[in-house]
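Q: Have a look at this one.
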């Protein structure tokens, strides 16, 4: 990893760690949050991107690919926002961290990697962590509902690095713009359900989410995910989990119970173990080893 990629990844991770805290803090609902963030990000990228001519000249097939990326991104955001609002910033962070496990499974399904004994162990650890995190397996429990929604968000998030790398013949700015623009169109459908009677502090939080976490953070992350392998990107992403939980405890006053800490450790640990094993297997295959 070059120093440029490392720096971009580090900035993106810190910005990502702030997202669940701000979402939980502001009184805006998920529809308002999505519309504002996407409007700011889409406008910002549209103004700074240098290959507008290439965007206008995209073939129909590439436009369809951008639509697929945007749909996956919108689904990821909607599930994630509702997860945090239903439970807590910590639960949302822990649930979405299962995306590494989803990436292992998706890689096996689409033939990008083999699913071995270590991968089964990694999935088992993640399931154990998810079970430990929630006090009861009932959708009537806010923590359980929030965790399930965050796990769903993690699934959609896991599809993004695969899609971005598969269609990397388009520039990162075009893919980022398409991702945000398509998601914005989808979120605008929810405009009648958005809430706009917000406090000044809420607008400040939305501005930070739109400019810092979305325009800057996701823009950098698209570039990072394009340069690195999905497994490597996923492992790096977990650096934001302890930061996000620490901010949730410090700023929001959320309790850091043994169940939450233990569940997070099992999910993150299982995901990292599985992703490291997949990366090593890929290197062996590339060298022609069994």
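Q: Return the residues of region 162-176 that are surrounded by 17 or more Cβ atoms within 10 Å (Cβ to Cβ) and outside any helix (DSSP H, G or I); say none if nothing qualifies. Can you show your working first?
A: Pass one, region 162-176, residues surrounded by 17 or more Cβ atoms within 10 Å (Cβ to Cβ): 162-164, 167, 170-176.
Across region 162-176, the qualifying residues are 167, 170, 171.
Q: Considering region 50-68 alone, what residues qualify as being out of contact with any helix residue (DSSP H, G or I) (no Cβ under 9 Å at 6 or more places or on another chain) and modelled with pLDDT of 90 or more? It would help to see each step written out before you state the result.
A: First pass over region 50-68, keeping only residues out of contact with any helix residue (DSSP H, G or I) (no Cβ under 9 Å at 6 or more places or on another chain): 53, 56-57, 59-61, 64.
Correct list: 59, 60, 61, 64.
Q: Tally up the residues in region 27-55 that are surrounded by fewer than 22 Cβ atoms within 10 Å (Cβ to Cβ) and assigned to a loop (DSSP other than H, G, I, E, B), please.
A: Of the residues in that region, 5 qualify.
Q: Going through 242, 200 one at a time, which residue ends up being touching a helix residue (DSSP H, G or I) at 6+ places or on another chain (Cβ under 9 Å) and either without any contact (Cβ under 8 Å) to a residue 40 or more places away in the chain or under 23 Å from residue 268 (Cβ atoms) (or both)? Quick ask: steps written out before the conclusion?
A: Details: 200 fails: touching a helix residue (DSSP H, G or I) at 6+ places or on another chain (Cβ under 9 Å).
The match here is 242.
Q: Of the residues that make up region 104-113, is at least one within 17 Å of residue 267 (Cα to Cα), part of a helix (DSSP H, G or I) and at pLDDT below 80?
A: yes
Q: Given the conditions (1) under 20 Å from the mean Cα position of the chain (by Cα); (2) assigned to a helix (DSSP H, G or I), which single one is not true for residue 262?
A: The failed condition is (1).
The values are calculated or read from the model by the stated rules, or taken from the named source; none is laboratory data. The structure presented is a predicted model; accordingly, all values stated were derived computationally and were not measured. Methodologically, a virtual Cβ is constructed for each residue, glycine included, from the backbone with ideal geometry; neighbour enumeration extends over all protein chains shown.
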